[in-house]
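For reference, the structure discussed in these notes is given below.
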Amino acid sequence: MNIFRFQNPEMLYFWAIIPILVFLFWYAESKKKEALRKFGDWNVIIGLMPNLSKNRPIFKFAFIMLALFFLILALSQPQFGSKLREVKKQGVEIMIALDVSNSMLSEDISPNRLSASKRAISKLVDKLRNDKIGLIVFAGDAYVQVPITTDYRATKMFLKTINTNIVPKQGTNIASAIELAAKSFTAEEGKTRAIIIITDGEDHEQKAIEAAQIAKEQDIRVYTIGMGGTKPVPIPLEEGSNEFKKDANGSIVMSKINEQILKQIALESDGVYVRANNSNYGLDLVFDEINALDKMELESNIFDDYEDRFQYLLAIVLFILVFDFFILERKNKLTKNINLFD
């Protein structure tokens, strides 16, 4: 079984140069013909230059462009992975549930609760080595954004796209997030699993505590991080806005962290609660706690021993350039009667 990849895929962007060069060549040839026509009738001028070939320069330019095409392809270093080996690693499975309700736009943590949370998660992903991670977003409902994976790059890519509009139903349904996270782990027994809930905790129902108790029965620990301060702050209508959410009476809606429920969720599932602030987002402490848990054996298949294939492309480039070298732009005595290009 083989897998194909480019070692330097960014080099393929240079293919955009080719149509630009084609246009410049066409423009230059047009100008050349326009200049020659100023001397008189085109057929007469051609008759005065019997060795001039109309098509040879076009063919030579086409070969140069073809060589450039394959050269750029070679520089991108195409590779084939020919060996599949099983790697056993020690790690834990972590599901992060991120609150994306409108109250997460409050700015008591700079620049706002949601942006600070995303920044903290990104730094946490950078610290992971052999662990698996997944990402859930929740407000009134919960949705899996990134299934449990070791692809940290993809996790960070999807993390950047998260905003408060990603979940249509507003609210702070922590119970739904815990339940979905618990279902999102791999099915094997004996795994070390943890859920990290990042929220301002504005959920006043007991269902979240019940969900945490059920998670504990499944040997899943729930860690909670409270985003926000204890003083009420207004909720912007959108990120960076100076207009704030108002209730039916026209009064500005205020938001503050609900630490009590977050502490109880962590307590019921043998987890830890941390309140974030501008200097400490809390994920480092939570990760240290998770990292101290017993590691489990994770298995992942990876392609190894990628083999370069750019050499063949360079050989094609060399062949094209040599062939192009022997094509003269003008006819000569030996080849003027050969109409290969006319």
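The values are calculated or read from the model by the stated rules, or taken from the named source; none is laboratory data. Source: prediction; values computed, not measured. Quick reminder, even Gly has a Cβ in these numbers, built from the backbone with ideal geometry, and neighbours come from all protein chains shown.
Residues in segment 153-183 that are of a type outside the set (Val, Ile, Thr) and either touching a Cys at 6+ places or on another chain (Cβ under 8 Å) or assigned to a loop (DSSP other than H, G, I, E, B) (or both): 7 in all.
Residues are listed down the side, and each one gets a yes or a no for (1) among the charged types (D, E, K, R); (2) without any contact (Cβ under 8 Å) to a residue 24 or more places away in the chain; (3) within 21 Å of residue 104 (Cα to Cα):
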{"site": "130", "(1), (2), (3)": "no, no, no"}
{"site": "143", "(1), (2), (3)": "no, no, yes"}
{"site": "151", "(1), (2), (3)": "yes, yes, no"}
{"site": "155", "(1), (2), (3)": "no, no, yes"}
{"site": "166", "(1), (2), (3)": "no, no, yes"}
{"site": "199", "(1), (2), (3)": "no, no, yes"}
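For the residues 213, 206, 218, the requirement of being modelled with pLDDT under 85 and farther than 24 Å from residue 116 by Cβ singles out 206. Every test in (1) more than 31 Å from the chain's Cα centre (by Cα); (2) part of a strand (DSSP E or B); (3) not hydroxyl-bearing (Ser, Thr, Tyr) is passed by residue 274 save one, and that test is (1). Checking the conditions here, which among 181, 177, 187 is loosely packed, with under 14 Cβ neighbours inside 10 Å and either assigned by TED's automatic domain parsing to the domain that holds residue 273 or modelled with pLDDT of 95 or more (or both)? Going through 181, 177, 187 in turn, the sole match is 187. Each residue in segment 116-152 was checked for being polar (S, T, N, Q) and in a helix (DSSP H, G or I), and 2 pass.
Residues in segment 119-143 that are within 25 Å of residue 170 (Cα to Cα) and touching a Gly at 6+ places or on another chain (Cβ under 7 Å): 139, 140. Among the residues of segment 203-229, write down those that are surrounded by fewer than 20 Cβ atoms within 10 Å (Cβ to Cβ) and not in a helix (DSSP H, G or I). Within segment 203-229, 204, 205, 206, 218, 219, 229 qualify.
Conditions tested, residue by residue: (1) assigned by TED's automatic domain parsing to the domain that holds residue 223; (2) buried (at least 16 other Cβ atoms within 10 Å of the Cβ); (3) within 23 Å of residue 124 (Cβ to Cβ); (4) at pLDDT below 85.
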site: 266; (1), (2), (3), (4): yes, yes, yes, no
site: 269; (1), (2), (3), (4): yes, yes, yes, no
site: 279; (1), (2), (3), (4): yes, no, yes, yes
site: 282; (1), (2), (3), (4): yes, yes, yes, yes
site: 320; (1), (2), (3), (4): no, yes, no, no
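Within segment 104-114, identify whether any single residue is of a type in the set (Val, Ile, Thr) and either modelled with pLDDT under 95 or under 30 Å from residue 11 (Cα atoms) (or both), and answer yes or no. Yes, segment 104-114 has at least one match.
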